[in-house]
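Novice: Below is the structure I would like to discuss, written out as structure tokens.
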Amino acid sequence: MQTERPRPWFVVNTASAKVAKKGALLPTIADAHNAILRDVGDFSDVDILVKDALAAGAQHIVIEGGDGTVQGVLTEFLRQEKARNLPVFTLVPGGNTNQVARNIGVHHATVQAIETALSQSEIVEAPLLRIKDKEGRKYYGFLFSSGALPQVTDYTKVKLHERGLGGSLAVIGGILKGATDTDSITKPTQVKLNIQAENTHKLRGPHLGTIVTTLPGLMLKLDPFWGEGDRPLRVTYVAGEYHKLVRHVASLWLGNKSKDRSEDGMHSWTADGLSYRYTGPCVLDGELLDLTKGFKIRATRPIRFAK
């Protein structure tokens, strides 16, 4: 007797920028794939959604939304279940930047792309960042930043998205504005940071910011990491007293990873973990986090994604 395959779960966020503007794709094909369709909505019942999916033995979860949607849904799955027992996920771009989906999900929201992903013919594995603060709260995502980048993110959302600029164009505008108008947009913040790599790097004092990711690359072909070693976290740190920031950003954009930038206050490593004592702004996948003064970042076990 043939066992019936578990139904895929389609999770859509109708409030995500691109979905809200152009409409969601998953509801239009849910019946054709016998999928269980759920709207994550305002995330007030995301815990129930995840509990239901796990109880049903779901083996494939398709998420349509932006980076914040992916972060919120995966965080709840990892809070309720160990990484090694999770289903396969497929990420469909539906937000402003869709950086995560463009790395480990489908590049375009099309019927054909989703059908290919549902066949699970191409599986990639990727860990997430796990952020845990002193109150025991855990957050999971792919791109964390402290200091200036959250300030640039806020500027991008308030000034550029409200003007109708989205996606890559808004990110470029935010980066250029932050790099060239640091007095009004970005201000150094105090941090105490330990980075566990081949040695422990202890950083103290004002910093322009840190960027931490488990992704193999970032959008716009701008990948501001040049640390060596096979460790799960990629980390870049910019000191409060920095020089030639725009020049270094341009150099990295062109793929120059061999240059030593330490004399200008820029450092990059691969790492096993980070420990922060810091009270400034923090962003995870475009969403502001409310963290205690002390928190740690590690990598999860790899999770499976179908592209």
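Novice: Can you pull the one-decimal nm distance between simple spin-label points at E263 and L288, each 7 Å off the Cα toward Cβ?
Specialist: 4.0
Novice: To continue, here is another question. Leaving out ligands and nucleic acids, and using a 1.4 Å probe, what accessible area per residue does the chain come to in Å²?
Specialist: Spelled out: the 1.4 Å probe surface of the chain, per residue, equals 48 Å².
Novice: Give the lysines whose C-alpha is closer than 24 Å to that of K22, dropping any in the same chain fewer than 8 places away, or say none.
Specialist: K157, K159, K307
Novice: Another question, if that's okay. Residue separation times 0.36 nm, minus the C-alpha to C-alpha distance between E122 and R7: what's the value?
Specialist: 39.5 nm
Novice: So for the chain, taking the charge dipole from beta-carbon charges (+1 Lys/Arg, -1 Asp/Glu), which of V19, V100, H267 sits furthest toward the positive end?
Specialist: Farthest towards the positive pole: H267.
Novice: Looking at the chain, send over the antiparallel percent of its DSSP beta bridges, to the nearest 5.
Specialist: About 80 percent, rounded to the nearest 5.
Novice: Send over the semi-axes of the stretch 1-106's equivalent ellipsoid, whole angstrom and largest first, taken as the square roots of 5 times the C-alpha gyration tensor eigenvalues.
Specialist: After scaling each eigenvalue by five and taking roots: 21, 16, 13 Å.
Novice: List the aspartates and glutamates whose Cα sits under 18 Å from the Cα of K82, skipping any in the same chain fewer than 8 residues away.
Specialist: Result set, ordered by chain and number: D47, D52, E125.
Novice: When the Karplus curve 6.51 cos²θ - 1.76 cosθ + 1.60 is applied with θ = phi - 60°, which whole-Hz ³J(HN,Hα) does each residue of the stretch 56-69 get, with x for Gly and Pro?
Specialist: 7, x, 4, 10, 8, 10, 9, 10, 10, x, x, 4, x, 5
Novice: Any idea what diffusion coefficient the stretch 70-113 gets from Stokes-Einstein, in µm²/s, Kirkwood Rh on alpha carbon pairs, 4 °C, 1.567 mPa s?
Specialist: This corresponds to a translational diffusion coefficient of 113 µm²/s.
Novice: Non-local amide H neighbours of D223 (under 5 Å, H modeled in plane, Pro and chain starts lacking H): which ones?
Specialist: It is none; the list stays empty.
Novice: In whole Hz and in residue order, list the ³J(HN,Hα) couplings for the stretch 13-20 that follow from phi through the Karplus curve 6.51 cos²θ - 1.76 cosθ + 1.60, θ = phi - 60°; x for Gly and Pro.
Specialist: Per-residue couplings from phi come out as 10, 5, 8, 4, 4, 5, 5, 5 Hz.
Novice: Using amide H atoms built 1.01 Å from N in the peptide plane, name the residues 5+ places from L233, or on other chains, whose amide H lies under 5 Å from its own.
Specialist: Those qualifying (amide H under 5 Å, at least 5 residues apart or on another chain) are A271.
Novice: Calculate, in nm to one decimal, what E81 and K221 gain on full extension: separation in residues at 0.36 nm each, minus their alpha carbon distance.
Specialist: Going from the current span to full extension adds 47.0 nm.
Novice: Report the FRET efficiency, 1/(1 + (r/R0)^6), for I29 and S251, where r is their Cβ-Cβ distance and R0 is 35 Å, rounded to 0.05.
Specialist: 0.20
Novice: Okay, moving on. Students often get this wrong, so check it: of K221/K293; K192/K296; K132/K259; K138/K293; K138/K192, which have C-alpha atoms separated by over 22 Å?
Specialist: Result: K221/K293; K132/K259 exceed 22 Å.
Novice: Based on the alpha-carbon gyration tensor of the stretch 210-286, what equivalent-ellipsoid semi-axes (square roots of 5 times the eigenvalues) come out, in whole Å, largest first?
Specialist: The answer is 19, 16, 13 Å, longest axis first.
Novice: Let me ask something else about it. Among the DSSP beta bridges whose two residues both lie in the stretch 1-148, what percent are antiparallel, rounded to the nearest 5?
Specialist: 20
Novice: Under a 5 Å amide H to amide H cut-off, with H placed in plane at 1.01 Å, what residues pair with L143 once short-range neighbours are removed?
Specialist: D285
Novice: Sticking with this one: May I have the extent of the alpha carbons of the chain along their three principal axes, as whole Å values ordered from largest to smallest?
Specialist: 68, 41, 35
Novice: Please compute the modelled spin-label separation between V111 and R204, points set 7 Å along Cα→Cβ, answer in nm with one decimal.
Specialist: 6.3
Novice: Evaluate the charge dipole of the chain about its Cα centre and quote only its size in Debye, nearest 20, assuming +1 on the Cβ of each Lys and Arg and -1 on the Cβ of each Asp and Glu.
Specialist: The calculated dipole for the chain is roughly 600 debye.
Novice: OK, next. Which whole-Hz ³J(HN,Hα) couplings does the stretch 72-80 yield from phi under the Karplus relation 6.51 cos²θ - 1.76 cosθ + 1.60, θ = phi - 60°, glycine and proline marked x?
Specialist: For the stretch 72-80, the Karplus curve yields x, 6, 5, 4, 5, 4, 6, 5, 9 Hz.
Novice: Now, a different point. Whole Å is fine, so just give me how far the alpha carbon centre of the stretch 191-265 lies from that of the stretch 54-105.
Specialist: After rounding, the separation between the Cα centres reads 27 Å.
Novice: Please compute the length gained on full extension between E241 and T14, using 0.36 nm multiplied by the number of residues separating them and subtracting their Cα-Cα distance.
Specialist: Roughly 77.4 nm would be gained on extension.
The values are calculated or read from the model by the stated rules, or taken from the named source; none is laboratory data. None of the values given here were measured: they were computed from a predicted structure. Because the Cβ atoms are built from the backbone with ideal geometry, glycine has one as well, and the counts that use them run over all protein chains shown. With ligands, DNA and RNA removed, areas are computed over all heavy atoms of the protein, side chains included. Shrake-Rupley method; radii C 1.70, N 1.55, O 1.52, S 1.80 Å.
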